[in-house]
Structure formats: structure tokens, C-alpha cells
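First comes the structure, then the notes that go with it.
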Amino acid sequence: MELVRQLFEHWERGDWSAGRELFDDSCEAVFSASWFPEAGAHPVGREALRAWIGFTEAFETFAIAVEQIVDADEHVVVLAWIRGRGRASGADVDAKVGAVFTPREGKLVRFELTDRREALEALGLRE
């Protein structure tokens with residue numbers, strides 16, 4: 001859980017490229033079709049960072065914050081929210097989101113950014 005806490009400390013500050021040392025070199029980042037225009041699996045690094053920044057740049061303002069981190073055996077589930085204002089639409093976004101991280105041997109080897117319900121259901125949990 002500490003790896004995920006450290007990562008979200010960077011992300012909550014908007015420092016998207018920090019924390020690379022927390023990831024295994026073969027880590028896979030999966031962006032869910034329920035939230036991301038560039039849905040799919042990306043190797044961690046430049047490709048995943050490009051997809052994430054592309055998503056955040058669609059917003060005039062953007063913030064992410066953790067509500068809860070849950071230890072779920074081999075995974076760590078993060079319940080969070082994102083808030084922002086669409087750059088093109090001007091629409092306000094206030095959404096509950098989720099993420100499932102898989103740590104192994106002191107590094108993150110996989111993570112999936114998705115909606116909250118999918119994150120919990122994937123692990124047999126409910127909000």
C-alpha cells in the first residue's frame with residue numbers, strides 16, 4: 001500500500017512523471033474504456049504518460065485525490081475522485097473513480113485506471 005500512497009502523493013500534486021522508480025520496467029498501465037479516450041494497455045513510461053497527459057489536457061482544470069486505499073490480498077484498490085472543467089465544453093466534472101494496482105517484490109507491475117464500481121467488482125468488493 002505504501003507504493004500506491006507514494007504514487008498518489010505525486011499525482012495529487014499534478015506531478016505525473018514523478019514516481020517512475022515505483023514501477024517495474026515491465027509494468028502495464030491499463031486505461032478503461034469507461035473513462036479514457038485512449039483506452040487499452042500501455043507499457044509504463046512514455047506511452048502511458050502520453051495517454052494520461054492527453055486525458056488531463058482535455059480539462060481546463062483537473063485534480064485527483066484519494067478517498068480510500070484498500071489492501072485486497074494481491075492487489076491494492078484506490079477509491080478516488082477527479083474534478084475538473086472540460087476545456088472544450090466548459091462542463092464541470094466531479095466523478096468517483098477507481099484504480100487497481102498489483103505490487104510485486106517492492107514494485108508496481110500492473111495498474112488499471114477505471115471507474116469505482118469496476119475497480120471494486122473486479123476484486124469481489126462493494127462500496
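The values are calculated or read from the model by the stated rules, or taken from the named source; none is laboratory data. In this text the structure is predicted, and so the values were computed from the model without any measurement. Every residue, glycine among them, receives a Cβ derived from its backbone with ideal geometry; neighbour counts consider all protein chains shown.
Are there any strands (runs of 3 or more DSSP E) wholly within the stretch 36-127 with 3 or more residues that are touching a His at 6+ places or on another chain (Cβ under 8 Å), and if so which?
Qualifying strands (runs of 3 or more DSSP E): 92-104.
Of the conditions (1) under 14 Å from residue 114 (Cβ atoms); (2) over 13 Å from the mean Cα position of the chain (by Cα); (3) hydrophobic (A, V, I, L, M, F, W, C), residue 18 clears all except one; give me its number.
Only one criterion in (1) under 14 Å from residue 114 (Cβ atoms); (2) over 13 Å from the mean Cα position of the chain (by Cα); (3) hydrophobic (A, V, I, L, M, F, W, C) is unmet by residue 18, namely (1).
Is it true that residue 29 is closer than 19 Å to residue 2 by Cα and either in contact with a helix residue (DSSP H, G or I) (Cβ under 6 Å, 6 or more places away or on another chain) or in a strand (DSSP E or B) (or both)?
Yes.
Just to be sure I understand, how many residues within the stretch 1-19 are part of a helix (DSSP H, G or I) and surrounded by 13 or more Cβ atoms within 10 Å (Cβ to Cβ)? Before the answer, list the steps.
Residues of the stretch 1-19 part of a helix (DSSP H, G or I): 2-12.
Right, trim to surrounded by 13 or more Cβ atoms within 10 Å (Cβ to Cβ) and you get 3-4, 6-12.
The total comes to 9.
If I filter the stretch 57-102 down to residues being touching a Gly at 6+ places or on another chain (Cβ under 8 Å) and either charged (D, E, K, R) or under 22 Å from residue 6 (Cβ atoms) (or both), which single residue comes out as surrounded by the most Cβ atoms within 10 Å (Cβ to Cβ)?
78
Could you please give the count of residues in the stretch 108-124 that are without any contact (Cβ under 8 Å) to a residue 12 or more places away in the chain and under 18 Å from residue 35 (Cβ atoms)?
Total satisfying the criteria: 1.
For the stretch 21-48, which positions are farther than 18 Å from residue 114 by Cβ, out of contact with any Lys or Arg (no Cβ under 8 Å at 6 or more places or on another chain) and at pLDDT below 90?
Once the filter is applied, which keeps residues that are farther than 18 Å from residue 114 by Cβ, out of contact with any Lys or Arg (no Cβ under 8 Å at 6 or more places or on another chain) and at pLDDT below 90, the stretch 21-48 yields 46, 47.
Somewhere in the stretch 84-107, is a residue closer than 17 Å to residue 27 by Cα, among the aromatic types (Phe, Trp, Tyr) and in contact (Cβ under 8 Å) with a residue 40 or more places away in the chain?
Yes, the stretch 84-107 contains a residue that is closer than 17 Å to residue 27 by Cα, among the aromatic types (Phe, Trp, Tyr) and in contact (Cβ under 8 Å) with a residue 40 or more places away in the chain.
Determine if the stretch 66-80 includes at least one residue that is closer than 15 Å to residue 31 by Cβ and free of Cβ contacts under 8 Å to residues at least 40 places away in the same chain.
There is no residue in the stretch 66-80 that is closer than 15 Å to residue 31 by Cβ and free of Cβ contacts under 8 Å to residues at least 40 places away in the same chain.
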